[in-house]
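K.L.:
Sharing a structure here in C-alpha cells format.
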Amino acid sequence: MILDTNKPQVNDIFWINNGDNTVHVIEKDNDLFAAIHFGDSRSPITERLFLSAEKSYAEQGFKIWIPDTIFTEDELLP
C-alpha cells in the first residue's frame, strides 16, 4: 500500500480527494508526473503535476485516501 510518507515511483496508483480522483505516477522525459484522473485510472486525465522523486507524497501536498473498510486487494486499485 502506498502511504503519504512514501516517495513517488513510476506506476504508483492511489486515490485522493475522498476517492473522487485517481493518481497514476508516470514518467516523461526522465521526470515523474502525477496524472490525475477524474474517477478511476481509466477515466480522462484532468491534470498533470510534476513530482519530485526526492520528496514524499505528503511533502508535495498529496493526501492519499484509504477507504475505511477494505474487503479485497482489488478494491485498493481503481
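K.L.:
Assuming Val25 fulfils every condition listed in (1) assigned to a strand (DSSP E or B); (2) of a type outside the set (Phe, Trp, Tyr); (3) open to solvent by 100 Å² or more (accessible area, probe 1.4 Å); (4) in contact (Cβ under 8 Å) with a residue 24 or more places away in the chain apart from one, which condition is it?
P.N.:
With respect to (1) assigned to a strand (DSSP E or B); (2) of a type outside the set (Phe, Trp, Tyr); (3) open to solvent by 100 Å² or more (accessible area, probe 1.4 Å); (4) in contact (Cβ under 8 Å) with a residue 24 or more places away in the chain, Val25 is out only on (3).
K.L.:
For the range 59-71, give me each residue that is out of contact with any helix residue (DSSP H, G or I) (no Cβ under 9 Å at 6 or more places or on another chain), surrounded by 13 or more Cβ atoms within 10 Å (Cβ to Cβ) and of a type in the set (A, V, I, L, M, F, W, C).
P.N.:
The one that is out of contact with any helix residue (DSSP H, G or I) (no Cβ under 9 Å at 6 or more places or on another chain), surrounded by 13 or more Cβ atoms within 10 Å (Cβ to Cβ) and of a type in the set (A, V, I, L, M, F, W, C): Phe62.
K.L.:
In the range 28-58, what residues are exposed (fewer than 12 other Cβ atoms within 10 Å of the Cβ) and in contact with a His (Cβ under 8 Å, 6 or more places away or on another chain)?
P.N.:
Applying the first criterion (exposed (fewer than 12 other Cβ atoms within 10 Å of the Cβ)) to the range 28-58 yields 28-31, 42, 44, 46, 50, 54.
Selection gives Pro44, Thr46.
K.L.:
All but one of (1) modelled with pLDDT of 95 or more; (2) within 13 Å of Phe62 (Cα to Cα); (3) assigned to a loop (DSSP other than H, G, I, E, B) hold for Gln9, so report the exception by its number.
P.N.:
Result: Gln9 fails condition (2) only.
The values are calculated or read from the model by the stated rules, or taken from the named source; none is laboratory data. Please read these numbers as outputs of a predicted model, since none were measured by experiment. Please note: Cβ atoms are built from the backbone with ideal geometry, for glycine as well, and neighbour counts cover all protein chains shown. For the accessible areas, the whole protein counts, side chains as well, though only heavy atoms, and no ligand, DNA or RNA atoms are used. Shrake-Rupley method; radii C 1.70, N 1.55, O 1.52, S 1.80 Å.
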